[in-house]
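Reading through the structure tokens given below for one structure.
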Amino acid sequence: MEKEYKVTKLEEILKETKWIYSKLNEDIVITSRVRIARNIKGYPFPYNISYEKGKELEKILLEVLCELPYKKIFVVNLSSLNEKQKKFLIETHLISKEFSESSFCDKVVIIPEKKVSIMINEEDHLRIQVILPGLNLKKCWEIVNEVDDFIDSKIEYAFSPEFGYLTSCPTNTGTGLRSSVLVHIPGIKFLKKEKFIFENIESIGITVRGFYGEGSLPLGSIYQISSTETTGKTELEIIEELESVIKLIIEEERKCIEKIKRDKKLKEKILNRIFYIMNEKNNKDGEFFDLYSLIFLSHLTGIIKIKKKDLKSLFFSMFLEPQENKNYIFYKKEGKILRKKFWEKLNV
């Protein structure tokens, strides 16, 4: 089958990246991600490379990547996308915000078959990542390793026998690996247990970030939990350590949900909080982003029945068009029905 090398339409990208949020509203772990940083021997790292050398290397890397043995290889030219299309790639974690804002970075390769996205000349020459739904860190690593081995057979990486893979940021040197998961933990957050849990896991080298990673805030109760160590351990050891932590968080979230289910006062508190945020006079940015998690929590604990498609509509409306209309979900037909359900429940 002939490979497809360029996609510029948002519709095509949407069609080929539906897997990313397939576990939304289905599991505590929304996605797993494994990313490696690699640089090419003989070329300055992106922060020091000239525009001409950068484009020369980009061409070489594209030639190598397009030889990967997969059915479809999309080379997305960021300069041909509008802001909404770029925003979609950021929201789905296929590219970083910094990558979208750089005039130097222009190409991202997406391989739907393997759930791979590869940024060229971001902070490093290559940022290779795999995103899978649910808790699938080991599978992510298998795919990343497969792609990495292929590239390594075609072009020589910047590597030191003493330090490992050389990267722009010293904290990535070694394996060059970062593993992370997006977890949705409304029960833990509602019962105010997140601070204690996060302090404990950060003491063992696991970091907690917001929805977009480093320097960002959580989206409601959705957090990114990531490994930080890249030296002194193998890639599999790093992944297994994070996985064990995530399993403990999953167990604690389930306990919190069961506690709320049994407590009528806690259920009333959830409903009152939803009512407060739904009131436009009280609707602030941060509180609006809490709304999805609270509504999902009311669904999990049996407070109110909500269709999963309505929950997904709320989630996507929040991060795709929050500035255009904070009450986006509530002015559409399905949103009005959802709002009516809550009003009825609150006034019982």
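The values are calculated or read from the model by the stated rules, or taken from the named source; none is laboratory data. Bear in mind that the values here come from a model prediction, so they are computed numbers and not experimental data. No Cβ is skipped: glycine too gets one built from the backbone with ideal geometry, and neighbour counts run over all protein chains shown.
A few remarks follow.
- Residue in the range 2-22 that is in a loop (DSSP other than H, G, I, E, B), modelled with pLDDT of 85 or more and in the same structural domain as PHE211 (by TED's automatic domain parsing) present: no
- Enumeration of residues in the range 213-247 that are at positive phi and either touching a Ser or Thr at 6+ places or on another chain (Cβ under 7 Å) or outside the structural domain of LEU135 (by TED's automatic domain parsing) (or both): GLY220
Each row is one residue, and each column tells you yes or no for (1) among the hydrophobic types (A, V, I, L, M, F, W, C); (2) assigned to a loop (DSSP other than H, G, I, E, B); (3) touching a Cys at 6+ places or on another chain (Cβ under 7 Å); (4) without any contact (Cβ under 8 Å) to a residue 12 or more places away in the chain.
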residue: GLU58; (1), (2), (3), (4): no, no, no, no
residue: LYS72; (1), (2), (3), (4): no, yes, no, no
residue: VAL76; (1), (2), (3), (4): yes, no, no, no
residue: LYS87; (1), (2), (3), (4): no, no, no, no
residue: GLU113; (1), (2), (3), (4): no, no, no, no
residue: CYS140; (1), (2), (3), (4): yes, no, no, no
residue: ASP149; (1), (2), (3), (4): no, no, no, yes
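- Any chance GLY210 is on the phi > 0 side of the Ramachandran plot and surrounded by 14 or more Cβ atoms within 10 Å (Cβ to Cβ): no
- Qualifying residue in the range 254-276 (condition: under 23 Å from LEU314 (Cβ atoms), without any contact (Cβ under 8 Å) to a residue 40 or more places away in the chain and aromatic (Phe, Trp, Tyr)): yes
- Set side by side, the residues LEU57, LEU78 differ, and just one is out of contact with any Asp or Glu (no Cβ under 7 Å at 6 or more places or on another chain), surrounded by 18 or more Cβ atoms within 10 Å (Cβ to Cβ) and in the same structural domain as LEU242 (by TED's automatic domain parsing), which is LEU57.
- Selected residue [free of Cβ contacts under 8 Å to residues at least 40 places away in the same chain and not in a helix (DSSP H, G or I)] from SER103, SER168, SER153, SER179: SER103
- Some residue of the range 27-35 being part of a loop (DSSP other than H, G, I, E, B), within 29 Å of SER221 (Cα to Cα) and under 17 Å from the mean Cα position of the chain (by Cα): yes
- The lone criterion from (1) farther than 28 Å from GLY220 by Cα; (2) surrounded by fewer than 23 Cβ atoms within 10 Å (Cβ to Cβ); (3) touching a Ser or Thr at 6+ places or on another chain (Cβ under 7 Å) left unmet by LYS154 is number (3).
- Taken together, SER102, SER50, SER80 contain a single residue that is at pLDDT 90 or above, farther than 30 Å from LYS309 by Cα, more than 15 Å from the chain's Cα centre (by Cα) and hydroxyl-bearing (Ser, Thr, Tyr), which is SER50.
- Residue selected from the range 215-254 under the condition within 17 Å of VAL144 (Cβ to Cβ) and assigned to a strand (DSSP E or B), by the criterion modelled with the highest pLDDT: SER226
- Inspection of the range 83-102 finds no residue satisfying the criterion of being crowded, with 22+ Cβ neighbours inside 10 Å, closer than 23 Å to ASN48 by Cα and of a type in the set (Lys, Arg).
- Among the residues here, ASN121 qualifies as farther than 19 Å from SER226 by Cα, of a type in the set (S, T, N, Q), touching a strand residue (DSSP E or B) at 6+ places or on another chain (Cβ under 9 Å) and crowded, with 19+ Cβ neighbours inside 10 Å.
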